[in-house]
């Protein structure tokens, strides 16, 4: 394996990281930092903070977020297939149809389990 092929990629990563840290350092050194009582006061919708910041959230928030990411990524897999539809032929078409059937079965399962109901 020829590692010289990867040198531009490693150089790009190194330069990007260096520039990122340089900009963060410059911002913290040069930027104004004059805190006063108004800036340091607690803020929560115009009210003083109340309750515990570590309150428990309903699991449905996380479930909806995970389902959104899951279906969003699965739909993103359809774009390359749509572009290369002529090149993949019948085998590609059948594969995508199986993929869509699995996606639809998963969606129906979530619907029947009530994961999409918001009370």
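Which ones in segment 63-95 are surrounded by 13 or more Cβ atoms within 10 Å (Cβ to Cβ) and over 24 Å from the mean Cα position of the chain (by Cα)? Quick ask: steps written out before the conclusion?
If we filter segment 63-95 for residues that are surrounded by 13 or more Cβ atoms within 10 Å (Cβ to Cβ), which is where we start, we get 63-64, 67, 70-71, 74, 78, 81, 88, 92.
Hits for segment 63-95 are 88, 92.
Is there any pair linking a residue in segment 60-87 that is outside any helix (DSSP H, G or I) to one that is surrounded by 12 or more Cβ atoms within 10 Å (Cβ to Cβ) and at pLDDT 85 or above, with Cβ under 8 Å and at least six apart or on different chains, and which?
Sorted first by the residue in segment 60-87, then by its partner, the pairs are 77/99; 84/92.
State whether the residues of segment 38-59 include one that is within 26 Å of the chain's Cα centre (by Cα), in a helix (DSSP H, G or I) and modelled with pLDDT under 90.
yes
The values are calculated or read from the model by the stated rules, or taken from the named source; none is laboratory data. Nothing here was measured: the structure is a model prediction, and the numbers come from that model. As a convention, Cβ positions derive from the backbone with ideal geometry for all residues, glycine included, and neighbour counts pool all protein chains shown.
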